[in-house]
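Here, each number is a calculation from the coordinates, and none is a lab measurement. Computed from a prediction, not measured in an experiment: that's the story for all the values here. Please note: Cβ atoms are built from the backbone with ideal geometry, for glycine as well, and neighbour counts cover all protein chains shown.
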Ligand code: CA
């Protein structure tokens, strides 16, 4: 029995080696693809755009220049917030951005970026890769002709820049704040007027007092935007975005036309970029934070516990309300919640316990 299996295997191996089983792999490998990838990021946007360009270059090298991906920043080929449509319609083959930008079309997409008081980068990776999250995401994007991949994570963001100190939840009332997504909905419940502004508009709005507060990313990116010149109180933690996932999308037909080896290259390079971007954020943020404090005299403050507690309560309320409005949102919310419960239980005796131990 064993011997027969061995002979069968050996024969198959020989056939494969001789390229006799099928001519398809040889043809596939020589086929060339010239793809376009559009992003939601400004040109030269560090880490985000940089990471996408590295991804494209890696694939070009791995495929021996047979799969070439030209990368365009937001507005260069299509407007930043039309990348979803452009990839969905096949105008271009790939896009990079964040799933919560498409909340207007797919409210449930927000779970694949960040949920206020939700899972951090480690939890999101576990849910997406190993907890069924990515399969769910792919199912939800399929009607839009898209295949999504996790590709980047900022880690826990900062809570934002405030012109005035926040001592209680009452201090939030009436503030105009740039804060997108579910975080904005939660803030609205606390009496904030959430405003949507693109990265390029934030500084001027804050400087002129059109808005009283803004969140952006973290010290590294916030410093580059010069936000410390317009507000001096820099709050943490970014309760609203505890580990936002960035997404790569691929047009479904384009994906299906690719030979398997190129599909694996994309999957692998996206996972590598996912780790690369998180490492960049982790490595660069603290240095910028020190400079903000020392050189620019920024006051770095923790949100008071009462404010956090109230925002947490309002988050649960918001999520329940949104789940009542949309069936897919409700379905993903359930899946997210149930994974999160086990993740939290493990986190309690691993990461959280370790963080506590370090402080003793
Ligand atoms: Ca943000």
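Given the Cα-Cα distance of residue 163 and residue 279 and 0.36 nm per residue of separation, how much length would full extension add, in nm?
Gain in length upon complete extension: 38.7 nm.
According to the square roots a ≥ b ≥ c of the eigenvalues of the Cα gyration tensor, what is the shape class of segment 58-124, taking rounded for a/c under 1.5, prolate for a/b larger than b/c otherwise, and oblate for the remainder? The partial results should precede the final answer.
Numbers: a/c = 2.76, a/b = 1.47, b/c = 1.89.
It comes out oblate by the Cα gyration axes.
For the chain, modelled as a Gaussian network with Cα springs under 10 Å, which listed residue fluctuates most, 153, 251, 64?
64
For a protection proxy built on the mean count of beta-carbon atoms within 10 angstrom, sort 295-307, 206-218, 344-356 highest first, please.
So the peptides 295-307, 206-218, 344-356, ranked by packing, come out 206-218, 295-307, 344-356.
If you find the alpha carbon centre of segment 89-147 and of segment 278-324, how far apart are they in angstrom?
What the calculation gives is 22 Å, centre to centre.
Is the chain rounded, prolate or oblate when judged by the Cα gyration tensor, a ≥ b ≥ c being the square roots of its eigenvalues, rounded requiring a/c under 1.5 and prolate requiring a/b larger than b/c?
Since a/c reaches 1.5 and a/b is larger than b/c, the shape of the chain is classed as prolate.
Going by a ≥ b ≥ c, the root eigenvalues of the Cα gyration tensor, does segment 234-319 fall in the rounded group (a/c under 1.5), the prolate group (a/b larger than b/c) or the oblate group?
oblate
Pull out the extension gain between residue 33 and residue 287, defined as 0.36 nm times the separation in residues minus the alpha carbon to alpha carbon distance; nm, one decimal.
Full-extension gain reported as 87.4 nm.
Would you mind computing, in nm to one decimal, how far apart the modelled labels at residue 173 and residue 296 are, each placed 7 Å from Cα along Cα→Cβ?
3.2
Restricting to Cα pairs below 8 Å that are 6+ residues apart, what does the relative contact order work out to for the chain? Please round to a whole percent.
21
On a 0 to 90 degree scale, rounded to 10, what angle separates helix 305-325 from the longest Cα axis of the chain?
On a 0 to 90 degree scale, this one is about 50.
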